[in-house]
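Step one of this worksheet: look at the structure below.
The values are calculated or read from the model by the stated rules, or taken from the named source; none is laboratory data. Note that the structure is a prediction, hence the values are computed from the model and not measured. For neighbour counting, all protein chains shown are included, and Cβ atoms are generated from backbone atoms with ideal geometry for every residue, glycine included. Side chains are part of the model used for accessible areas, which takes the heavy atoms of the whole protein and leaves out ligands, DNA and RNA. Shrake-Rupley method; radii C 1.70, N 1.55, O 1.52, S 1.80 Å.
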Amino acid sequence: MEFAELIKTTKVDNVVFSHPGLEPVAGTLCITSHHLLLSGSREQNQTELWLLIRNVDAIEKRLANASCSLTLKCKDLKVLQLEIPGMEECLNVASSIEALSSVESVMMMYPFFYRPQSMRLAGGGRQPHALEKYYQQVASRTGAWRLSVVNEDFQACPSYPALVVVPSSVDDAALRKSARFRQGGRFPVLSYYHKKNGTVMLRSSQPLVGPHRKRCPEDEGLLAAALDGRSRGFVLDTRSAQAAKQAKMMGGGTEHRSAYAGWKRMHRALDRGRPLQESFVKVVETCNDPSLTMDRWLSKLEASKWLTHVKESLGTACLAAQCMEREEACVLVHGAEGMDTTLLVTALAQVILDPGRRTMAGFQELLEQEWIQAGHPFHLRCARSAYSHARLKQESPVFLLFLDCVWQLGRQFPLSLEFNEAFLLALFEHSYASPYGTFLCNNEKERKLCNVEGKTHSLWPWIHSEREKFLNPLFAPNPLVIWPSVEPQSIFLWQGLFLRWVRSSHYIDEAWTEIQKIARNHKAHLEHQSGAASTQTEAQTLSKVETNAHL
């Protein structure tokens, strides 16, 4: 397929474009294989807007006489208005954008063509993955776990990475049998080792118990080995008891207490898939409707159930963290497939428990380990955002829900996260449409087949180059566990995301700029004082030496 075949018109003059907060600008629209370029001038100032076509979620056409307007609704929730002269030109532009934004082939997407001069491709210089780094940390504290290559050919589990951390006493043959007993082959693997007391958190998919209560001695032995002599552990199932029972009739199910000695099951139902996607659509619709009265606004916000999803996700993550921190028990988290709400809970629990996960570097490693390498299907889940009119397939904003929960933690503990809201917003944007290959594909197997690591740039070097604007100026390392309140009155709408294109954030941005300036000046003052004190101490020491030498 050639991109030129999809582009019916490459350039249109006298286009007027606008979006909320921006005065209309007349200029030229250019369409390339991956971008819309809008350029014009306003008050003698040149204005340019580059829009990644992959970011377009929906196009709405309004025809009127000899002209028409296009409304481009983007995956990052931005809404652009284009007034295009000429009916034919307008329809050609719409057709071109729709065709280009619908390209399904991963290797035809922009990250495989993006070549900034300031960056080099990784090529053959492979860096250790986050999981390998994390295993080294675990191995320095205990020998109870090992790094297994049982999945190096992706035969045991197509959605797991090549390397997994498992109990040292369980051999690879047992792991393969356990994989055949779990949906999609996602057998229990280490997610987190709690350094404070040695408890662990594992994740997997549901066991294939079925209506005849099948058993797998190797799977049972794996979970027994994970307890490592402890008397109990908790299986935290992210489905309702009823849903788990229904799954059992279809060949799935849960771990039966008689087969898994020491493990107690708990159910905390978390929505995913269609219900979560519909909730996302409703909350965005509510936030974009300026005509609502206060009562109607509150009613529609409640009806969207988005804040309920946030509350329940935080509550479930707190429960997992509480089992480890206060009950000193191990935890296994799974739902059905183990690729959505399972990862949401394991990742959130780590942010709550571990101060290292609240730094920029630690959070980046968490995303790599618990979302990207763990097999969250970003290509499927983020194919559409809140505006698409296409029939729902496998879209679901689980990763966005995770980011919202992290934002709630930052709001309740404003000094405890090293990164700020802008960092979370950048992650949201890049997970849906990005020039970088970090969130491409559904798992490591697909990324390896497409050679994503060798042919695309990673998001993280760019994040590092822009580090200053993503730092929380109020950050003060907090070594404690941060227990968020999950009471309804403690859960807030993330205005920085849902209202970012609806109302101006000019004054808030100005306030944060001033806070950053104050924080930098304070840091410089402390460094100056520290340097002056050090110089004074050195001078006093030198004086004593000279005096003694003279004597």
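Here's the list of lysines a cross-link from K300 could span, going by alpha-carbon distance under 29 Å and ignoring same-chain residues fewer than 8 apart: K61, K73, K75, K78, K282, K311, K393. Computed with a 1.4 Å probe over protein heavy atoms only, the accessible surface of the chain comes to 47 Å² per residue.
The alpha-carbon of K214 sits under 25 angstrom from the alpha-carbons of these lysines, leaving out residues fewer than 8 places away in its chain: K177, K245, K248, K264. Which trypsin sites (Lys or Arg not before Pro) does region 306-409 hold that lie in a coil by DSSP with at most 14 other beta carbons within 10 Å? The qualifying sites are R326, R391, K393. Candidates Y260, Q277, C287 compared by Cα position along the dipole of region 258-323: farthest toward the positive end lies Y260, with charges placed on Cβ.
Of the residues L301, H457, T199, the one whose Cα sits farthest toward the positive end of the charge dipole of the chain, with +1 on the Cβ of Lys and Arg and -1 on the Cβ of Asp and Glu, is T199. Rounded to the nearest 20, the size of the Cβ-charge dipole of region 378-490 about its Cα centre is 480 debye, with Lys and Arg at +1 and Asp and Glu at -1. Applying a 4.7 Å Cβ-Cβ cutoff to the chain, the cysteines left without a disulfide-compatible partner are C30, C74, C157, C216, C287, C318, C323, C330, C382, C405, C441, C450.
Listed by chain and number, the aspartates and glutamates placed with their C-alpha closer than 14 angstrom to that of K517 are E468, D509; residues fewer than eight positions away on the same chain are left out. Principal axis analysis of the Cα atoms in region 416-479 yields extents of 42, 24, 19 Å, listed in decreasing size. Computed in the context of the full set of protein chains, the accessible area of the chain at 1.4 Å probe radius has 52% of its extent on carbon or sulfur.
Shown here for region 107-197: trypsin sites (Lys or Arg not before Pro) in loop regions (DSSP other than H, G, I, E, B) with at most 12 other Cβ atoms within 10 Å, namely R120, R126, R141, K196. Computed about the Cα centre, the dipole magnitude for region 1-145 is approximately 760 debye when only Lys and Arg (+1) and Asp and Glu (-1) carry charge, each at its Cβ. The residue among A374, Q117, P85 whose Cα reaches farthest toward the positive pole of the charge dipole of the chain, with charges on the beta-carbon of Lys, Arg, Asp and Glu, is A374.
Residues whose amide H comes within less than 5 Å of that of V235, counting only those at least five positions distant or on another chain, are K264, R265, M266, L332 (H built at 1.01 Å from N in the peptide plane). Membrane-span-like helices in the chain (whole DSSP H runs, Cα extent of at least 20 Å along the helix axis, mean Kyte-Doolittle hydropathy of at least 1.0): 398-412.
Charges were assigned to the Cβ only: +1 to each Lys and Arg, -1 to each Asp and Glu. The resulting dipole of the chain about its Cα centre is roughly 1700 debye. Other residues with beta-carbon under 14 Å from the beta-carbon of Y134 carry, at +1 per Lys or Arg and -1 per Asp or Glu, a net charge of +1. Most simply put, the chain has about 80% antiparallel DSSP beta bridges, counting only bridges with both residues inside it. For the pair Q529 and M108, a Förster radius of 41 Å applied to the C-beta separation gives a FRET efficiency near 0.15, rounded to the nearest 0.05. Excluding the sites themselves, what is the longest stretch of the chain that contains no GluC sites (Glu not before Pro) in a DSSP loop with at most 10 other C-beta atoms within 10 Å? Longest run free of exposed loop sites: 105-551.
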